Amino acid sequence: MIRHLIRLTWNRRRTYPLLIAEITISFLVVLVVVSSAATFLRRYRLPMGFDPRNVWAVTCDVNASGFFDERSQEEHERQLLLLREVRGLPEVAHASYVFSAPYGPHSSTTTLDKEKDLSVETNVAGDDALATLGLRLVEGRWFEPGDGQLNIEPIVIDQRMRRLVFRDGKAVGEEWAETNDERSRKHLVIGVLEAFRRGGELKEPLPYFFYRDHPEKASSLPLKTLVIRLRPGTPTAFEETLISRLRALAPAWSFTVEPLTEARRRHLQEMTTPLLIGGLLAGSLLLMVALGLVGVLWQTIIRRTHEIGIRRSLGATAGDIQRQIVGEVMVVTSLGLALGFALALQAPLLPPVRALGLHFYGLCVVLAAAGIYALNFLCAMYPSRLAAKVVPADALRYE
Amino acid sequence: MLELKNVGKVYRTERLETQALEGINLKVRPGDFLAVMGPSGSGKSTLLHLLGLLDQPTQGMVELDGRQVMDHDDVTLSHLRNEMLGFVFQSFHLVADLSVLDNVEIPLLYRPLSNRVRRDLALRSLGRVGLSSRVHHYPSQLSGGQQQRVAIARAIVGSPRILLADEPTGNLDSQTGEEIIAILEELNRKEGMSVVMVTHDQRFAERTHRIIRLFDGRQIN
Amino acid sequence: MLRSYLLLAWKVLRRRPFFTATSLFGIAFTLSVLTVASALYESIANPGEPLTRAGRVLGVYDVRGLGPHMCVFSSPGYGLLDRCARSLPGAEKVTVFGKGEPMTSFLEGRKIVSQFRRTDGAYWELLQFRFLEGAPFTADDDSTGAFVAVVNATTRRRFFGSEPATGKSIVLGGRTYRVVGVVKDVPITCPEGYADVWTPIGTSLTPDRQKSYLGGYQCLVLAHSRADFANLRAEFARRVAEVQIPDQQELQTLTAALESRQAYVARGTFNTEIGRDMSARLSFAVFFVMLLFMTLPAINLVNLTMSRVLERSSEIGIRRAFGASARSLIGQFLVENLVLTGIAGIAGLLLAAVLLSIVNRSGLVPYAHFGIDLRVFLDGLALALFFGLWSGVYPAWRMSRMDPIRALQGRLS
């Protein structure tokens, strides 16, 4: 029966080039949506490496200063004063400066491998950042007050960077040279973190490493973000107290507070809104295609009443007819999908698809194809029932 | 074997009631060759549809091997049609998008057979109507007579006991019609297949065993 | 003739409710999405109030600094703009203003975060805000560093309820400002004009900031006419090239350019270097994406129209047998499709209006007031007609080649 349907549909292929084109395009649309959604889902399930609960990010800004302006010695000392003040508050468990805050807009990257176009994101954090952000060390140690005396820059890397740079070898205690243009600087790896996905749950995880914020010298990059871990149960009203304490010490500065859980919510919303809109658009397109398919099938059945009558007179049961119509739709769908596969095969050349990994992309292709089959199967149900209801005697009388 | 007992058929539409057949008594026995004649609108096709189990009578009974046909559900009726009956139509009704071989295979699709058996049966059936050389052609590439022979091959491929032909020569010239009738006669004589043929042509009707004449839905002999 | 076409078209469409509904849904949906997209694009490319003279305006949006082992990309700093853009000869007006930052206030225990922007006095002359009360602050307020503020309607409501705000005090980030004026809310799609509170730059500038080359500021230059653009660009580029960066050893050269708004948006989209005008390519890309988006619904419509043609093949055969020319039949089908598209176009525009008002209310885009203006409406209508013709041509062409005899037999594939 299947061979019969394939031959029948193949011989009729000229009747439905548009239907096939529609199926192909729908498949590609679904593929894009499925692979985006799957990418997000996969990223969401990877470990974050920090704990945003009870953490606030306080941006300390010297009046609209430029991001890369150096800070004067006076400003640097004021920063240290602010940190001491915050640590002294009973509601605060831990506090530390960082260069770029989790979920925040600023980041800095450095080149890991120029030829392979590999970047690693970097950050600067104080000795207390481990406890403040709830980072998880898997090897070695975090920065300590004594690290200022080292004559080499200590860094703490994450497992992604460890895999890229050291493969399976030893990482802690090894040196790594950061090469930027002509200059090369040596760093000493002192610890490995599980991960640090600063960009947020739905951003692509990047290899990562931390420099130490040396309080004894004014950093060339000013650290504008103070992260604070509050003791559980601290009321939100504490924000006003905190800001007024900070302001008393630095009247000319401005302070903005955002709880990381709030920043996380904002991040998720910002990332999922486009996907949601895309999904809705794709859904509507599919609905349109589905209605169109039902319409075309309906017409086909009206035109083929005769053929149905003959098949019935030759002994096909109503069920046989229904299966035949559904089968034909499945064959047409397969033709459209074959075309779609041919196009989808070109996609692995694109960088975003390469980043997904071939296995994963293949899974998305299979899922999208299954979705289209299911949709077309449902669309064929009603018209095929109509076809099964054709009364053979009437169909044959109508000549 | 197949018997109509006092059968009537009324078509009802919203406004009209048409008595297509009334009080028909007819027996088709193994080896019978019957002709049904009558002017157009006299109920010939309806009679054939009733015999072919495609339609249900509004009065009377259709019995197959002594069993009331109306008791059967659609699936059983379809299987009965598939195994016991073969159809040949005036305008051939071949599926234009399928090759000759695929057309002949259609009735076998609804039986649990392997592809190879289906193919062999279809080829043998085409051989019986003398079309072995045309199996991969499409209906549009064949003459009217050849198309009707394909239709006959399709009707007999499942070895039915009764062949129902609705004006099989109606769309053909007399020479070709003659050939078709010869095939039907041969099937009847050599294989003992019962044939019921609706026809307008007195010459062809006279070559059968029995003629049933219809007028306004009634039997008039 | 046209009247009978229209009547017939109407009858045909009513006789096939399923097809009519499906086609209507498809066209209306596509048109509404395209109209919404073009409304969003319009509001970014030509934001209207307060940037009403966008056609004569150039801006400095980004700076790239290059050093021996550092490459910085950021907004320009105050010092750079003050030195290179402020006194450009031949410019009608120049304004330098902050990019804006969030500022926290506490009002009776309630936290209010306002978007806070520092501007000079010329800002209020170059951009044309609609003042609900009071007046803007002036260049004098800026140079003396007066603690005055202009707020928007939302801020007035948050701080003062339904009362007028002019003359009252407002505390932001621990500092007290006197409100001098209230303006209508400006949506974020006009980033140059979007803020909750505006105060003079003079309230914050320290001598250090005045020397800053990178970060935090932007500028707009209003030319007397577009013909002056080339001169202004050249002079600005010359001045930037001459800049010496004394206390920043990390950076040696700066790149910045006066760009039109469209060029800025296009540069952001294609991620190209500063000063390259990719706006033509952006327009092309937008058009291409729209065309692509229309493909699926168009194919769908063609498909349904084809089914309609085939279903009526015997009717067409009869008409042809009775002497209807192929052309008149094509005319009939095109009219049918245009009627369908016309109805769907109107439905689509209504749907677009609903969608835009949902976007406006959702708060996803701060102070959004997207609407279908006349231009967007005409865009939509043109699209609808294009759509109707496009999807009618192929079936009509197929129909004109239809053999009347075969059509009469209803045996068409």
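The values are calculated or read from the model by the stated rules, or taken from the named source; none is laboratory data. Not measured: the values here are computed from a predicted model. Ideal geometry is used to build each Cβ from the backbone, glycine not excepted, and the neighbour counts take in all protein chains shown. Quick note on the areas: whole protein, heavy atoms, side chains included, nothing else; ligands and nucleic acids left out. Shrake-Rupley method; radii C 1.70, N 1.55, O 1.52, S 1.80 Å.
Over all alpha-carbon pairs in chain C, figure out the percentage whose distance exceeds 40 Å. Roughly 38 percent, rounded to a whole number.
At a probe radius of 1.4 angstrom, the accessible area of the stretch A:64-251 per residue rounds to 46 square angstrom. Each DSSP beta bridge with both residues in the stretch A:64-251 is either parallel or antiparallel, and the antiparallel ones are about 70%.
With the charge dipole of the stretch C:62-258 set up from +1 on Lys and Arg Cβ and -1 on Asp and Glu Cβ about the Cα centre, the Cα lying farthest toward the positive end among the listed residues C:G109, C:L66, C:G90 is that of C:G109.
Three semi-axes describe the equivalent ellipsoid of the stretch C:103-200; taken as square roots of 5 times the Cα gyration tensor eigenvalues and ordered largest first, they are 19, 15, 13 Å. Buried surface between chains B and A: roughly 2500 Å² of accessible area, summed over both sides, computed with a 1.4 Å probe on protein heavy atoms only. Just to confirm the number: angle between the C-alpha axis of helix C:2-15 and the first principal axis of chain C, 0 to 90 degrees, nearest 10? In chain C, helix C:2-15 runs at an angle near 90 degrees to the longest axis. Placing unit charges on the Cβ atoms only, positive for Lys and Arg and negative for Asp and Glu, gives the protein assembly as shown a dipole magnitude near 3040 debye about its Cα centre. Positive end of the dipole of chain A (Cβ unit charges, origin at the Cα centre): among A:T122, A:G315, A:G327, the Cα lying farthest that way belongs to A:G315. Computed with the Debye formula from one identical point scatterer per Cα of the stretch C:253-375, without solvent, the log10 of I(q)/I(0) at q = 0.14, 0.17, 0.22 Å⁻¹ comes to -0.90, -1.07, -1.25.
In summary, the lysines within cross-link reach of A:K217, defined as a Cα separation below 28 angstrom excluding same-chain residues under 8 places away, comprise A:K186, C:K211. A dipole drawn for the stretch A:254-307 from +1 and -1 charges on Cβ atoms has a positive end, and of A:A290, A:P274, A:A263 the residue lying farthest that way is A:A290. Peptide B:104-111 has a mean of 5 when you count, residue by residue, the C-beta atoms of other protein chains within 10 Å of its C-beta.
The angle between the Cα long axis of helix C:229-242 and the longest principal axis of the Cα atoms of chain C comes to about 40 degrees, rounded to the nearest 10.
The overall shape of the stretch B:81-174 is oblate: from the C-alpha gyration tensor, with semi-axes ordered a ≥ b ≥ c, the ratio a/c is 1.5 or greater and a/b is no larger than b/c.
What the stretch C:279-393 shows is 48 Å² of accessible area per residue, with the surface traced by a 1.4 Å probe over protein heavy atoms. Interface of A with C. Using a 1.4 Å probe and counting protein heavy atoms only, the two chains hide about 4200 Å² of accessible surface, both sides summed. Across chain A, Cα-Cα pairs more than 39 Å apart make up 43 percent of the total.
Per the Kirkwood formula on distinct C-alpha pairs, the Rh of the protein assembly as shown is how many angstrom?
Hydrodynamic radius (Kirkwood, Cα pairs) of the protein assembly as shown is 35.6 Å.
Listed values for the stretch A:186-202 are Karplus-derived 3J(HN,Hα) couplings in whole Hz (6.51 cos²θ - 1.76 cosθ + 1.60, θ = phi - 60°), namely 8, 10, 10, 7, 10, x, 10, 9, 4, 5, 8, 9, 4, x, x, 4, 9, and x replaces Gly and Pro. Each Lys and Arg contributes +1 and each Asp and Glu -1, all at the Cβ; summed about the Cα centre of chain A, the dipole is approximately 2440 debye. Taking Cα centre as origin and charging only the Cβ of basic (Lys, Arg, +1) and acidic (Asp, Glu, -1) residues, the dipole magnitude of the stretch B:95-194 rounds to 560 debye. Provide, for q = 0.09 Å⁻¹, the log10 of I(q)/I(0) from a solvent-free Debye sum over equal Cα point scatterers in the stretch C:62-258. Debye output, listed in q order: -0.37.
Of the GluC sites (Glu not before Pro) found in the stretch A:194-240, those that fall in a DSSP loop while having at most 14 other beta-carbon atoms within 10 Å are A:E216.
Here the relative contact order of chain B, from alpha carbon pairs under 8 Å that lie six or more residues apart, stands at 31 percent. Share of carbon and sulfur in the accessible area of chain B stands at 46%, probe radius 1.4 Å.
Sequence-distant contacts, meaning Cα pairs under 8 Å at least 6 residues apart, place the relative contact order of the stretch C:87-245 at 31 percent. The antiparallel fraction among DSSP beta bridges confined to chain B stands at about 50%. For peptide A:300-311, the mean count of partner chain Cβ atoms within 10 Å of a residue's Cβ comes to 4. Contact with the other protein chains removes 30 Å² or more of accessible area, compared with the isolated chain and a 1.4 Å probe, from these residues of the stretch C:273-313: C:F293, C:L296, C:I299, C:N300, C:N303, C:S307, C:L310, C:E311.
If you restrict to DSSP beta bridges whose two residues both lie in chain A, what percentage is antiparallel, to the nearest 5? Here the antiparallel bridges make up roughly 75 percent for chain A. Taking the Cα atoms only, what angle lies between the long axis of helix B:174-191 and the longest principal axis of chain B, rounded to 10 degrees? Roughly 90 degrees, rounded to the nearest 10. Full extension of the chain segment joining B:D120 with B:E83 gains 11.6 nm, where the gain is 0.36 nm per residue of separation less the Cα-Cα distance. Hand me the trypsin sites (Lys or Arg not before Pro) from the stretch C:56-145 located in a DSSP loop with no more than 13 other Cβ atoms within 10 Å, in residue order please. Hits after loop and neighbour filter: C:R130. The trypsin sites (Lys or Arg not before Pro) found in the stretch C:270-334 that occupy coil by DSSP, while having at most 14 further C-beta atoms within 10 Å, are C:R276.
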